[in-house]
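See structure below.
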Amino acid sequence: MKSRLLGREVLPFLAAFIALVAAALLLDAFLHLLGAVWVGRYLGIPGILLVIASFGYSLRKRQLIKIGKPLVLLRVHERMAWFGSLLVLIHAGVHFTAILAWLATIAMLVNVGSGLTGKFLLQRGRKQLEESRQDFREQGLSAAEIDDLMYWDILTYTAITNWRVVHRPIALVFAVLASAHILSIFLFWAWR
């Protein structure tokens with residue numbers, strides 16, 4: 001069971017996070033090899049626009065917009081946020097010395113980690129609940145008996161679905177720090 005848990009749950013989470021950081025490092029190195037480091041300076045703009053656009057899922061979930069299927073928008077949110085974060089990481093590189101930019105980058109990485117954690121926890125919990133229900137059905141138990149036996153599991157899964165209580169403030173911290181970074185760029189840019 002431990003190896004199944006490691007292979008099915010932990011490794012995909014780590015792979016997604018490591019792939020983000022590795023891709024950023026490789027693409028940044030590629031820009032250095034091409035002598036096009038300046039390109040990275042401007043990748044923050046499409047990166048942050050992708051991250052902002054990924055919030056269409058949140059707007060749909062709260063019924064602030066009516067277009068799109070929530071599950072499709074969730075997948076789009078995950079991909080756009082990952083790719084936008086990749087562009088922002090390339091933008092960040094290892095070149096800046098401003099504390100605000102570092103804090104925004106760290107907040108973004110924590111936000112991505114939080115999102116991936118929630119995604120994999122929810123998938124795992126949903127899968128385990130369904131497997132348990134199926135086992136009890138095969139034993140011939142009624143729906144009421146199954147619900148009684150699974151009470152604590154259902155309660156735990158319900159608590160896990162509230163991981164957004166943690167994810168939202170992390171996203172807010174990232175948004176505030178990124179906005180402050182962008183504002184400081186406009187304030188201190190050499191406009192000549």
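Mean separation of Cα pairs under 8 Å and 6+ residues apart, divided by the residue count of the chain: what relative contact order is that in percent? Working shown, then result.
Working: 142 pairs, mean separation 45.8, N = 192.
24 percent.
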| request: Calculate how steeply helix 164-188 sits against the longest principal axis of the alpha-carbon atoms of the chain, using the helix alpha-carbon long axis, and give the answer as 0 to 90 degrees to the nearest 10. | output: 10 degrees
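If neighbour count is taken as other Cβ atoms inside 10 Å, put Lys119, Lys66, Lys127 in order from fewest to most.
Values: Lys119 17, Lys66 7, Lys127 12.
Listing Lys119, Lys66, Lys127 from fewest to most nearby Cβ atoms yields Lys66, Lys127, Lys119.
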| query | Using alpha carbons only, what's the Rg to Rh ratio of the chain with Rh from Kirkwood? | reply | 1.09
| Against the longest principal axis of the chain, how steep is helix 11-34, in degrees 0 to 90 to the nearest 10, with axes from Cα atoms? | 20 degrees
| note | Ranked on Cβ counts within 10 Å of their own Cβ, fewest leading, Leu129, Leu187 go Leu187, Leu129
| query | On a 0 to 90 degree scale, rounded to 10, what angle separates helix 37-53 from the longest Cα axis of the chain? | reply | 40 degrees
| field | Tensor-based shape of the range 100-165 (alpha-carbon gyration tensor, a/c under 1.5 rounded, otherwise prolate or oblate) | value | prolate
| task | For Thr156 and Leu100, calculate 0.36 nm times their separation in residues minus their Cα-Cα distance, and state this gained length in nm to one decimal. | result | 16.4 nm
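Using square roots of five times the C-alpha gyration tensor eigenvalues, list the equivalent-ellipsoid semi-axes of the range 1-95 in whole Å, biggest first.
Working: eigenvalues 155, 107, 11 Å².
The equivalent ellipsoid of the range 1-95 has semi-axes of 28, 23, 7 Å.
Readers should treat all values here as calculations from the given coordinates under stated rules, not as data from a laboratory. All figures in this text were calculated on a predicted structure; none of them were measured in a lab. Counting neighbours? That spans all protein chains shown, and the Cβs are built from the backbone with ideal geometry, glycine included.
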